[in-house]
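What follows is one structure encoded as structure tokens, with my remarks underneath.
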Amino acid sequence: MGLLSQGTPLAWPESRKLNEHVRDNGVLQLISCYNAAKERANDPFLWGDEIEYQMIRIDDEKKIAQLALDESEVLINLGAEGKDHLRAVKNDVLFHPEYGRFMLEATPLRPYDGRKLSDYIYVEKNMAIRRDVARKEMTDREVYPVTMTAFPTMGCPNFTYPEAEPNGRASQSLFLPDEIINKHVRFPTLTANIRKRRGQKVDINVPLYRDEYTDMDHLDSTIPKRDLFPSDKEPFQGAAKPGYIYMDSMGFGMGCCCLQVTMQPPDIYQARYVYDAFVNIAPALLSLTSATPFFRGHLADQDVRWNVISGAVDDRTPVERGVPALEGHNPRGGAADDVKLQRIPKSRYDSVDQYLGDLQPSHVNGSANGHANGHANGFSKELPDGTAINESPEIYHYYDPSLNDMKTPINKKVYKELRKNGFDHQLATHFAHLYVRDPLVIFTEKIDQDNGAETDHFENIQSTNWQTLRFKPPIQEAVPGNNNTPGWRVEIRPMEISITDFENAAYSVFTMLLARAVLKYKPNTYISMSKVEQNMEVAHQRDSTTNGKFVFRVNSFHGQDQPGQYVELSLDQIFNGYDGFEGLIPVTRQYVSETFPATTEKDKEDLDKIDAYFKLVSERASGRIPSTAKYLRDFALSHPDYKHDSIVSDRMNYDIVKLMARLDNYDHKLLPKFFGDELSDWLVKHGY
Ligand code: ADP
Ligand code: MG
Ligand code: MG
Ligand code: MG
């Protein structure tokens, strides 16, 4: 999340009157950003990561672990305007607000320089500093920042410290008190407005892990029968399903932690190309980093957080979702009567469903750059209303419009406006798709803006479309020549957070070096979008890391001229390669050896560390070491307190948290089982 607007947020009935205003002006702001920065070129490859933490209070006497709500001042103090901000800055780190009052987000102070080997090594150190700064800041010495995706007993009785009743008006959740929500007014408003727009509470049903004594046939008996809000009836009106873990509030999703990395390719063309290249790598990264086997005190039959967040912020009305409304509910949800609703297949938090297209800059068309046999865009050069558009044909390198085979609704008015202002079809479609959503939180003080200089309205829509990748345009000051402001960026968002800084650094560094390799070797990784969708589903299956089959395009790196071939690959084959595919790790290794020669002793040491990072990715992908999700699930299944009923008790929760806290300290006794013998030896030898 970016900086928070100060001011008074509007409740839904008021807010929805301004939806068109925000969209109209947001689009003008986008156009002014685009015009300022479309010619920007030769930006240095900069990048940064974001790490999220849960603040957990561990009570060793009572043997319980709870989410800590009283440390939320830490973020305010360390944040951009806080009294301890300098302490963060001096340590070269930044802290950012997050949804949960028990959460922290931290990034490096400045982006890393992707051209320098030493910066890839610095990442892990910076992550360790962040953890350290955060820990030192805790006023309660029993509270620890833990990099955990979802707190196992979130939503069970007394899961917070101090304890709080789930009776809040913003979420109306049967399980989560409003006290878990960040105190900044934006967050409770966001929670309430999603619920109001949808016309009912969100409902998330995660498949329950089936064990000997698991009750798969009845509605979960821990769903309270309460009569505080009319919405209390919803689980019994069909919102909850037998055999599933039911969750009813935004906090279950936005309370999850993840790892994100953002890069700045040299220009908009390369940004679009690398974005597209990662569209189908994203599901593989989600599976690789699987770390979430528990939700609301139950063992789940899946390993990742993604669809939980997707459901947790799903503000679509029944009409938009294409389902009947629950008994007594309006199919139009909280939409205003005069608004025409269209069918929207996916939540605003979901996988990418549009390629941007690897458009070629006009001066490259047909040049000696090897792009001569690009595809001309098959779309007509006219607006949906038949107005002709005067521009040169769009030339793509690998992209072909038939790859965008998902039924993706767009905001036609926005599309038209963007096309009139020089956006090509694919870019206009991308943003016009984001603009099918309503703004969720509008601040009265920010209604009227200078569209040539401000971007709040644009960001309002952009930052509440949470896809596996985010294409981030520069702001208006980002004129060519002013490379001090951020340029065109691509954010990679699917990865789960891992327990140790070593793993989080490994995944960040690997992903960015892979992006560099992609930009250098120009593989064609395109597959039809519907197959990417299928891969996202596979990534959710339990043990997808070892058992999942992902559709992938092979002969993509070094045999580009041959026609693409789609095959089903395991993660092992995707990352480590096999006869029919080079493998993402070998290609990235090649990039590293060509780019960073081992000249000095320091270089050798640094490259040895990069090698350890590759090793982790390789071992996880091959299944030689367990995914985090598998490791944690196995721990729970063999816990003495476990009754083979798929229930995570408070004591199990405590032991899981303790286990994770020992791991993030690299407890040598735990390393061999978690990392395997080879990596474990490497870690011990290197002083972890
Ligand atoms: P958001 O939450 O909207 O993604 P954050 O500010 O939390 O935004 O994170 C942005 C990430 O982008 C950080 O890791 C930061 O280091 C990185 N970053 C900042 N400037 C650039 C840049 N010019 N190029 C690439 N990455 C950048
Ligand atoms: Mg975040
Ligand atoms: Mg952030
Ligand atoms: Mg981010």
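The values are calculated or read from the model by the stated rules, or taken from the named source; none is laboratory data. Because the structure is a prediction, the values reported are computed rather than measured. Please note: Cβ atoms are built from the backbone with ideal geometry, for glycine as well, and neighbour counts cover all protein chains shown. Each accessible area value is taken on the protein alone, full model and side chains, heavy atoms only, with ligands, DNA and RNA left out. Shrake-Rupley method; radii C 1.70, N 1.55, O 1.52, S 1.80 Å.
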- prompt: In the stretch 142-167, how many are closer than 9 Å to Leu67 by Cα and open to solvent by 50 Å² or more (accessible area, probe 1.4 Å)?
  reply: 2
query: Does Leu104 satisfy being within 21 Å of Gln6 (Cα to Cα), open to solvent by less than 10 Å² (accessible area, probe 1.4 Å), within 16 Å of ligand 2 (Cβ to nearest atom) and in contact with a Pro (Cβ under 7 Å, 6 or more places away or on another chain)?
result: yes
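Taking the condition of being part of a helix (DSSP H, G or I) and either in contact with a Leu (Cβ under 6 Å, 6 or more places away or on another chain) or surrounded by fewer than 20 Cβ atoms within 10 Å (Cβ to Cβ) (or both), how many residues in the stretch 656-670 meet it? Quick ask: steps written out before the conclusion?
Filtering the stretch 656-670 for residues part of a helix (DSSP H, G or I) gives 656-664.
This time we only want the ones that are either in contact with a Leu (Cβ under 6 Å, 6 or more places away or on another chain) or surrounded by fewer than 20 Cβ atoms within 10 Å (Cβ to Cβ) (or both), so: 658-659, 661-663.
Of the residues in that region, 5 qualify.
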task: Output the residue which, of all residues in the stretch 125-141 that are in a loop (DSSP other than H, G, I, E, B) and in contact (Cβ under 8 Å) with a residue 24 or more places away in the chain, is least open to solvent (accessible area, probe 1.4 Å).
output: Met138
- request: Exactly one condition in (1) in a loop (DSSP other than H, G, I, E, B); (2) open to solvent by 40 Å² or more (accessible area, probe 1.4 Å); (3) of a type in the set (Gly, Ala, Ser) is not met by Gly82; state its number.
  value: (2)
- prompt: Quick check, is Val74 within 25 Å of the chain's Cα centre (by Cα) and not in a loop (DSSP other than H, G, I, E, B)?
  reply: yes
task: May I ask you to verify whether Tyr355 is touching a residue at least 60 places away in the same chain (Cβ under 8 Å) and farther than 20 Å from Gln200 by Cβ?
output: yes
- request: Kindly indicate whether any position in the stretch 179-186 is over 30 Å from Lys62 (Cα atoms) and in a helix (DSSP H, G or I).
  value: yes
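If I filter the stretch 474-490 down to residues being open to solvent by less than 10 Å² (accessible area, probe 1.4 Å) and more than 16 Å from ligand 3 (Cβ to nearest atom), which single residue comes out as farthest from Arg348 (Cα to Cα)? Talk me through it step by step, then tell me what you get.
Step one: of the stretch 474-490, the residues open to solvent by less than 10 Å² (accessible area, probe 1.4 Å) are 474, 478, 487-488, 490.
With more than 16 Å from ligand 3 (Cβ to nearest atom) added as a condition, the list becomes 474, 478, 487-488.
On the way: Pro474: 22, Ala478: 28, Gly487: 25, Trp488: 22 Å.
The selected residue is Ala478.
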field: Residue tally, condition within 12 Å of ligand 1 (Cβ to nearest atom), farther than 19 Å from Val441 by Cβ and not in a loop (DSSP other than H, G, I, E, B), over the stretch 85-104
entry: 4
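Suppose we keep only residues that are more than 30 Å from Ser171 (Cβ to Cβ) and open to solvent by less than 20 Å² (accessible area, probe 1.4 Å) within the stretch 107-116. Which one would you say is nearest to ligand 2 (Cβ to nearest atom)? Explain how you work it out, then say what you get.
To start, the set of residues in the stretch 107-116 that are more than 30 Å from Ser171 (Cβ to Cβ) comprises 108-116.
Now narrow it down to the ones that are open to solvent by less than 20 Å² (accessible area, probe 1.4 Å): 108, 112, 114.
Details: Pro108: 14, Tyr112: 18, Gly114: 21 Å.
Out of the qualifying residues, it is Pro108.
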task: Select from the stretch 12-60 the residues that are open to solvent by 10 Å² or more (accessible area, probe 1.4 Å), at pLDDT 95 or above and among the small types (Gly, Ala, Ser) and write down the one among them that is nearest to ligand 1 (Cβ to nearest atom).
output: Gly48
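Does Asn77 satisfy being closer than 26 Å to Asp119 by Cα and of a type in the set (S, T, N, Q)? Full working, then the answer.
Working: closer than 26 Å to Asp119 by Cα: no; of a type in the set (S, T, N, Q): yes.
When the stated conditions are applied, Asn77 does not pass them.
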- request: Exactly one condition in (1) open to solvent by less than 40 Å² (accessible area, probe 1.4 Å); (2) closer than 24 Å to Leu117 by Cβ is not met by Arg493; state its number.
  value: (2)
query: Restricting the search to the stretch 222-257, which residues are part of a loop (DSSP other than H, G, I, E, B) and of a type in the set (Val, Ile, Thr)?
result: Thr222, Ile223
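Would you confirm whether or not the stretch 32-50 contains a residue that is closer than 30 Å to Glu179 by Cα, within 26 Å of the chain's Cα centre (by Cα) and within 16 Å of ligand 3 (Cβ to nearest atom)? So that I can check it myself, show each step before the final result.
As a first pass, look at the stretch 32-50 and keep what is closer than 30 Å to Glu179 by Cα: 49-50.
Now drop any that are not within 26 Å of the chain's Cα centre (by Cα), which leaves 49-50.
This time we only want the ones that are within 16 Å of ligand 3 (Cβ to nearest atom), so: 49-50.
There is at least one residue in the stretch 32-50 that is closer than 30 Å to Glu179 by Cα, within 26 Å of the chain's Cα centre (by Cα) and within 16 Å of ligand 3 (Cβ to nearest atom).
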field: In the stretch 463-473, residue nearest to ligand 4 (Cβ to nearest atom) [restricted to those that are of a type in the set (S, T, N, Q) and open to solvent by 10 Å² or more (accessible area, probe 1.4 Å)]
entry: Ser463
field: Single unsatisfied condition, Asp119 versus (1) at pLDDT 95 or above; (2) touching a helix residue (DSSP H, G or I) at 6+ places or on another chain (Cβ under 9 Å); (3) open to solvent by less than 40 Å² (accessible area, probe 1.4 Å)
entry: (2)
Unique residue being of a type in the set (Ser, Thr, Tyr) and either out of contact with any strand residue (DSSP E or B) (no Cβ under 6 Å at 6 or more places or on another chain) or part of a loop (DSSP other than H, G, I, E, B) (or both) when the list is Thr511, Thr464: Thr464
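Is it the case that the stretch 491-506 has a residue that's closer than 25 Å to Lys615 by Cα, within 16 Å of ligand 2 (Cβ to nearest atom), in contact (Cβ under 8 Å) with a residue 40 or more places away in the chain and in a helix (DSSP H, G or I)? It would help to see each step written out before you state the result.
Just the residues of the stretch 491-506 that are closer than 25 Å to Lys615 by Cα, to begin with: 491-506.
Subset that is within 16 Å of ligand 2 (Cβ to nearest atom): 491-498, 504.
Okay, now just the ones that are also in contact (Cβ under 8 Å) with a residue 40 or more places away in the chain, so 491-498, 504.
This time we only want the ones that are in a helix (DSSP H, G or I), so: 504.
Yes, the stretch 491-506 contains at least one residue that is closer than 25 Å to Lys615 by Cα, within 16 Å of ligand 2 (Cβ to nearest atom), in contact (Cβ under 8 Å) with a residue 40 or more places away in the chain and in a helix (DSSP H, G or I).
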- request: Please give the number of the condition Glu98 fails out of (1) within 16 Å of ligand 3 (Cβ to nearest atom); (2) open to solvent by 40 Å² or more (accessible area, probe 1.4 Å).
  value: (2)
query: Can you tell me which residues in the stretch 411-455 are within 24 Å of Glu477 (Cα to Cα), of a type in the set (Asp, Glu) and either within 21 Å of the chain's Cα centre (by Cα) or surrounded by fewer than 17 Cβ atoms within 10 Å (Cβ to Cβ) (or both)?
result: Glu445, Asp448, Asp450
- prompt: Which number in (1) open to solvent by 10 Å² or more (accessible area, probe 1.4 Å); (2) under 21 Å from Leu288 (Cα atoms); (3) of a type outside the set (S, T, N, Q); (4) modelled with pLDDT under 95 marks the one condition that Gly564 misses?
  reply: (2)
- prompt: Being open to solvent by less than 10 Å² (accessible area, probe 1.4 Å), touching a helix residue (DSSP H, G or I) at 6+ places or on another chain (Cβ under 8 Å), over 27 Å from Leu607 (Cβ atoms) and not hydroxyl-bearing (Ser, Thr, Tyr), is that true of even one residue in the stretch 85-94?
  reply: yes
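From the list Val352, Val304, Val261, which one is over 21 Å from Ala41 (Cα atoms), within 16 Å of ligand 3 (Cβ to nearest atom) and crowded, with 21+ Cβ neighbours inside 10 Å?
Just a single option satisfies the conditions, and that option is Val261.
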